[in-house]
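Derivation of every value follows stated rules applied to the coordinates shown; laboratory data play no part. Everything numeric in this text was worked out from a predicted model, so none of it was measured. For neighbour counting, all protein chains shown are included, and Cβ atoms are generated from backbone atoms with ideal geometry for every residue, glycine included.
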Amino acid sequence: MIEIENVRKSFGTLEVLKGIDLTVQKGEVVTVIGGSGSGKSTLLTCINGLEPIDSGRILVDGTEVHAKATDLNRLRRKIGIVFQQFNAFPHLTVLENVMLAQVKVLKRPKAEAEAEAVKQLNHVGLGDKLAVYPSRLSGGQQQRMAIARALAMSPGYMLFDEVTSALDPQLVGEVLDTLRMLAREGMTMICVTHEMKFAREVSDRVAFFHKGVMAEIAPPDHLFGAPRDPELQKFLSATH
Amino acid sequence: MFNYTFQWKQALARLPQMLDGALVTMQIALLSMAIGILLAIVLTMFRLSGIRVLSAIARTWVEIARNTPALFQIYMAHFGLGSFGIYLSPFASILLGITFNNAGYLTENFRGALKAIPDTQARAARSLGFPQAGAFRYVVLPQMLRIAFLPMTNQMVWAILMTSLGVTVGMNSDLYGVTQDLNALTFRTFELFALAAVIFYVITKAITLGARLIAARLFRY
């Protein structure tokens, strides 16, 4: 379970998160929508401790992320994150990309790490690209590799930060299909996305962020069918 | 005007001695590069550490290495330290001087290389649970060394040529030192130094070609 309690966060004088409360249950899929600068991506990097917060707290399975005593490196193993930029490690093959952290961080034996990597890469449809370097992959393939790399760490949670925003339109589908598959398999996920159709399909709940505030959160049918927040109404009519 | 009679045979007769000297020259250059690269990695980490004392050490090192003559650096290693009662052999002095120079230049090269690697690489590694050092070691460093490979090759060539400065601190077993001694014995100045120049050229050319082969094998991405 991820519990976010009254989290505030500023960059300089700009307050990007103004007291966010959100609880995500095990197995739940929550998507976060909203305009750029609404704070939704920042929230994800706060959850895995890449960004410090100013006040409030975030608990992952009961461990307070920003507590001094928390071993962030250990905690991050539980939380997979995939970014807008694919962040493939260019000097490693696809297989090595997915094996590296398993071997060096989790200390898995090489054979086991390789088996896991192959399994995850097959899962995202890259089973035939094992020995290829990322520069030879399309953006969509690189992004699926990044997903497999995160999944290979056997995380309890997956965070997706606008993972299709940097992709050519014809490549968006293959990545969203991968996310749909994960959602069906019961992975606990928070997805920041601009893909409304996708959000509507996969989410248990959809949250709308506006100017650092979670203006509305509801199951997709409610949120898209009968939005109450005036900003959300504006946002939805602009994106349709 | 020209009444100099070339006597190449005399010079060529000394070739084996000069080739022995060339081996010493390569030994100094290789050692100074190997240690220089390690030091430059450490200095780069000092720079990245955000700890003021460490980054000041790195900055000072780079400033001195790059903005003073290599000859000065070698002199300091020999006569400078000598003033404080630390006496290094000519071999150790030249090795220390060139290593110091290499480390400074390479640190600067590494800085440039690091700029070419997006921050998101380290961020992605941290997200997978790597501690800062692990992210550097496994994700950033390999990319940095690749980008800096060509400048590293240049520095290696430079290290070979810098060994010639060893004569100023009494080094006489390297290529330049051997040539100088032979010149004193035979006075075949032009022939001997021309021959030495050819040997220097062959060594540095071999390094450049060798580096290209290594790069092709190592960097397949």
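Worth a mention:
- Per residue convex hull volume, Cα atoms of the range A:80-212, in Å³: 116
- Sequence-distant residues sharing a close amide H with B:Gly170 (under 5 Å, placed H): none
- Look at the alpha carbon pairs under 8 Å that are at least 6 residues apart: their mean separation over the length of the range A:2-239 gives a relative contact order of 27 percent.
- In this rough spin-label picture, where each label sits 7 Å from Cα along the Cβ direction, the A:Gln25-B:Arg137 distance is 4.3 nm.
- Gain on full stretching of the segment that runs from A:Glu64 to A:Ser165 - 0.36 nm per residue minus C-alpha separation: 33.3 nm
- Considering only beta bridges that DSSP places wholly inside the range A:2-239, some 55 percent are antiparallel.
- Here the protein assembly as shown carries DSSP beta bridges of which approximately 55% are antiparallel, counting only pairs with both residues inside.
- Degrees, to the nearest 10: B:175-186 long Cα axis against longest axis of chain B: 10
- Near A:Leu17, the amide H atoms lying under 5 Å from its own belong to A:Lys9; only residues 5 or more places off or on other chains count, and H is placed 1.01 Å from N.
- Largest GNM mean-square fluctuation among B:Val139, B:Val167, B:Val62, using chain B with Cα springs under 10 Å: B:Val139.
- With the gyration tensor restricted to C-alpha atoms of chain A, the semi-axes of the equivalent ellipsoid amount to 30, 22, 15 Å, longest first.
- With each label modelled as a point 7 angstrom along the Cα→C-beta vector, the B:Gln10-B:Ala34 pair spans 4.0 nm.
- Each Lys or Arg adds one and each Asp or Glu takes one away; over the other residues whose Cβ falls under 10 Å from the Cβ of B:Gln10, this sums to +2.
- Applying 1/(1 + (r/R0)^6) with R0 = 30 Å to the Cβ-Cβ distance of A:Asp221 and A:Glu15 gives a FRET efficiency near 0.40.
- On Cα atoms only, tilt of A:230-239 relative to the major axis of chain A in degrees: 50
- Estimated FRET transfer efficiency (B:Thr120, B:Leu213; beta-carbon r; R0 30 Å; 0.05): 0.40
- Within the protein assembly as shown, the proportion of C-alpha pairs whose separation exceeds 32 Å stands at 54%.
- Between A:Asn97, A:Asn48, A:Asn122, the residue with the greatest mean-square fluctuation in the GNM of chain A (Cα pairs under 10 Å linked by springs) is A:Asn122.
- Each stretch of four or more DSSP H residues adds -39500 (n - 2.57); spread over every residue of the protein assembly as shown, this sum gives -17500 deg cm²/dmol at 222 nm.
- In summary, the range A:1-97 shows an alpha-carbon radius of gyration equal to 1.17 times the 2.2 N^0.38 Å reference for compact globular proteins.
- Footprinting exposure proxy ranking of B:Thr189, A:Thr23, A:Thr193, fewest other C-beta atoms within 10 angstrom first, gives A:Thr23, B:Thr189, A:Thr193.
- Cα-Cα pairs of the range B:13-119 separated by more than 15 Å (percent): 68
- Relative to the longest principal axis of the Cα atoms of chain B, the long axis of helix B:189-218 lies at roughly 30 degrees.
- For peptide A:89-96, the mean count of partner chain Cβ atoms within 10 Å of a residue's Cβ comes to 5.
- Relative contact order (percent, whole number), chain B, Cα cutoff 8 Å, 6+ residue spacing: 29
- Unit Cα scatterers, Debye sum, the range B:15-75: log10 I(q)/I(0) for q = 0.14, 0.17, 0.29 Å⁻¹: -0.56, -0.72, -1.11
- Test item: B:128-141 mean partner chain Cβ contacts at 10 Å: 5
- The range A:1-42 and the range A:196-240: distance between their alpha carbon centers, rounded to Å: 14
- Per-selection metrics, chain B (Cα): Rg and Dmax in Å: 20.8, 76
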